[in-house]
Amino acid sequence: MSVTAPQPGFFDQPLHKEEKIWIALAFVWCIFITVAMPWWHIAGNQNSSSEFYKISGEHFSTIVDDFIAKNKTGEEAGIPVVSPPPGSDIFLRGQQWAWDPILDLKVNETYRLHLSSIDVLHGMSIHPINMNFEAVPGWDYVLTITPTTSGDFRIICNEFCGVDHHNMIGKIIVK
Amino acid sequence: MAAKSEKFRTCPTTGFKIHGPAETLIQINAVTAIVFLLVGGIIGLALALTRWQAIHLLNDTLFYRLLSLHGIAMLVAWIIFFEMAILYFASAVVLSARLAVPWLGWLQYLLMLVGGAIVAVQILLGNADVMFTSYVPLQAHHLYYLGIILFAVGAILGCVVFFATVVAAKTEGAHTGYLPLVTFGAAAAAIIAIGTLSHGAIVFIPTWLWAAGLVPMMDVEVYRLIFWGFGHSSQQINVCAMVAVWYLLGTLTVGSVPLNEKVCRSAFVLYILFINIASEHHLLVDPGLSAAHKTWNTGYFMHLAVLASMIHAFSIPAAVEVALRKKGYTKGAFEWLKKAPWGNPGWSALVLSLIGFGFLGGITGVVYGTEQINIIAHNNLRIPGHFHATVVCGTTLAFMGITYYVLPLIFRREVAFPQLAKIQPYLFGIGMMVFSTAMMFAGGFGVSRRSWDMNGVESAFAVDFGPVVDIALAIMGIGALVGAIGGALYCVIAVATLLIGKKINA
Ligand code: HEM
Ligand SMILES: [Cu+2]
Ligand SMILES: [Cu+2]
């Protein structure tokens, strides 16, 4: 019974064969999925990044403003559109409740995307490919990205950031 | 020191000697838990009917406010009050011992009640629209954090009473030999609870002081790391408590005996040792930690905590099969299953809880907690889908099942509306399975969690997820409706039993 003390010596009671087999299989499986994690990290080419720096919100903002001034090619809904050169460092700033700038990128080119927030936590969810990363105030998160399909992408904020959270939607254009 | 014998009664069904103060504390904690479940359940339904965009019941402010309250009322209040009842049951009642330091038990209850009330009031006043995670720099009124701290301190005291009772039972000879498995599992839960709640203290005390304007804010990533050392590890309290209840339900419903006590106990130890580090899977797509660190930690140190669940996943069904076969249901491979007491809500709750937790919740948890897959699961509806399978369909349903035994044993009343009780676990279990599955499905399209309007129609760049997602959310809403009816039935049956249930005379 699970509500009475076990018999003395229960620790020496041997396992049933079925139970032994089950535990062995489960253990092998656990080892397998454990090994699979670093294996996928190396073999797969879609990982979260290990590159990040601490940065103040003001500092990040000046860098972003600079980046916008240098690369601005237009404006949409009051938000600047930037067309940075392939291979360069690009920036995305989250703040209540907008993402800026709108990034205009080239397909199959690689960029270093710096992601941060200048107020509260936000979440960068790229729609429709459903890839999600946190935009954390105080941290510059560097993601090396290569857009492989062209089109219009949305950046949906998926970390609760206040009452207009659901309207915090930005845009990435890939041509 | 001999406990005063007049404070004990002997349960005619189980033979347990039940200590008066233990009984009272179990009753009051369980009733409080159920009140929170009722409130949280009504809110949950309203939330689901809002996420079902065709209905869109609440406005945005109310949605976020009630979402904060739902998280607190359910994950914190309902679950932890009920766990306090379980701790007292698994110590004083199961060991037929006196509850050591009853006044500390009362202090536990008071602190948790006052803390919970402060938090709820702050949320309802609109001072804490921050979700139960309350990530800095979003700030709530400082009383909100104080409420959480009081609640957590209360819960720690409950664990202290539990251990004191176990020790007293042994030293005073009320219990001899090893601890019963249920008590052992509860002890594992209490050990994890103490570790977890101290993370809560480490993160919430400075945050409280920050909200009061006394100290600077802590780093956001530090907050997130320590918060999840509390927020996720505390889910393992729930897992341990639930598994202990599973063993208890196996024994109470079909008289099962653990196959191999050594194995079951070792599995609980694996939980204690390896579960905490896995909390880092909440930070898989965050800056601040290297990929090597993340893969190692979220590998649960070789997934050994997962192994523990795999062990219980064999040991519990096997034990009930053996018990049912002993009753003579030996024809073919499945006669035992056919002849199982499907009309006993304790049994159906056990089975549905096992399935919901194991297949829907456990597997998706391990999958979403993988470094790469987390990228496509983080903060979308896959996550609430996953944890409504674990903590709702699993833990909550198991707690509902055990209630049908607690009512006659501890409240000494026959369960009211037995016909409704028969179908209650099915409605709740199946409703929540549909609900969680549909949520996870919608999450696969990137629909985010905690969003009042996934389409962002007021934004410059509205999003269209297409009709498949609309249908998924409708199915989610229907599942929520069925589950909420099941949940409401549970509350009605429990309350009716207390008020009008036939008294059982000892
Ligand atoms: C009738 C039963 C229930 C229904 C219909 C329900 C429904 C919901 C819905 C619709 C959400 C919002 C998902 C989102 O938009 O992110 C939610 C969130 C949540 N629910 Fe439930 N729920 C129920 C029971 C429970 C129970 C019993 C628990 C805990 C034991 C629970 C814990 C939570 C938590 C922790 C959240 C997340 C809150 C947050 O994101 O801050 N729910 N629930
Ligand atoms: Cu945001
Ligand atoms: Cu947001």
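Structure above, values below:
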{"item": "Under-5 Å amide H pairs with A:Lys171, H placed in peptide plane, nonlocal only", "result": "A:Leu103, A:Ile155"}
{"item": "For B:His303, A:His59, order by how many other beta-carbon atoms lie within 10 Å, fewest first", "result": "A:His59, B:His303"}
{"item": "Charge dipole (the protein assembly as shown, unit charges on Cβ, about Cα centre) - positive-most of B:Val203, B:Gly346, B:Cys393", "result": "B:Gly346"}
{"item": "Among A:Leu105, B:Thr364, A:Val136 - extreme Cα towards positive end, dipole of the protein assembly as shown, charges at beta-carbon", "result": "B:Thr364"}
{"item": "B:Asp129, A:Asp12, B:Asp470 arranged by Cβ crowding within 10 Å, fewest neighbours leading", "result": "A:Asp12, B:Asp470, B:Asp129"}
{"item": "Region B:466-500-region B:178-254 distance, computed between alpha-carbon centres (Å)", "result": "27 Å"}
{"item": "q = 0.11 Å⁻¹, chain A: log10 I(q)/I(0) [Debye, one scatterer per Cα]", "result": "-0.56"}
{"item": "Phi to ³J(HN,Hα) by Karplus 6.51 cos²θ - 1.76 cosθ + 1.60 over region B:419-424, Hz, x for Gly, Pro", "result": "5, 6, 4, 4, 8, 3"}
{"item": "In region B:263-355, chymotrypsin sites (Phe, Trp or Tyr not before Pro) in a DSSP loop with at most 15 other beta-carbon atoms within 10 Å", "result": "B:Phe334, B:Trp342"}
{"item": "Highest-MSF residue in chain A out of A:Phe60, A:Phe133, A:Phe27 [GNM, Cα springs under 10 Å]", "result": "A:Phe27"}
{"item": "Volume of the Cα convex hull of chain B, divided per residue and given in Å³", "result": "153 Å³"}
{"item": "Cβ-placed point charges (K, R +1; D, E -1), dipole of the protein assembly as shown about Cα centre in debye, nearest 20", "result": "2960 debye"}
{"item": "Charge-dipole axis of region B:13-177 as Lys and Arg at +1 and Asp and Glu at -1 on Cβ define it, positive-most pick from B:Leu99, B:Thr171, B:Ile156", "result": "B:Thr171"}
{"item": "Region B:258-300-region A:35-89 distance, computed between alpha-carbon centres (Å)", "result": "32 Å"}
{"item": "Length-normalised contact order of region A:51-174 in % [C-alpha pairs under 8 Å, at least 6 apart]", "result": "27 percent"}
{"item": "Region B:343-358 - phi-based ³J(HN,Hα) in whole Hz, Karplus 6.51/-1.76/1.60, Gly and Pro as x", "result": "x, 8, x, x, 5, 5, 5, 4, 5, 5, 5, 4, 5, x, 5, x"}
{"item": "B:Val257 long-range amide H proximity, modeled H, under 5 Å", "result": "B:Ala323"}
{"item": "Vicinal HN-Hα couplings computed from phi for region B:213-227 (Karplus, 6.51 cos²θ - 1.76 cosθ + 1.60; Hz; Gly/Pro x)", "result": "x, 9, 9, x, 5, 7, 4, 4, 6, 4, 4, 4, 5, 6, 4"}
{"item": "Nearest-ten-degree value, helix B:397-410 long axis tilted from longest Cα axis of chain B", "result": "30 degrees"}
{"item": "Fewest-first ranking of B:Met432, A:Met168, B:Met218, using other Cβ atoms within 10 Å as the exposure measure", "result": "B:Met218, A:Met168, B:Met432"}
{"item": "Top of A:Asp100, A:Asp89, A:Asp66 by mean-square fluctuation, Gaussian network on chain A, Cα under 10 Å", "result": "A:Asp66"}
{"item": "Per-q log10 I(q)/I(0), the protein assembly as shown, q = 0.06, 0.09, 0.10 Å⁻¹ (Debye; single scatterer per alpha-carbon; no solvent)", "result": "-0.35, -0.77, -0.94"}
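Taken together, the values in this text are just the output of simple stated rules run on the coordinates, not laboratory data. If you're wondering where the values come from, they're calculated on a predicted model, not measured in any experiment. Positions of Cβ are backbone-derived with ideal geometry, glycine not excepted, and every protein chain shown enters the neighbour counts.
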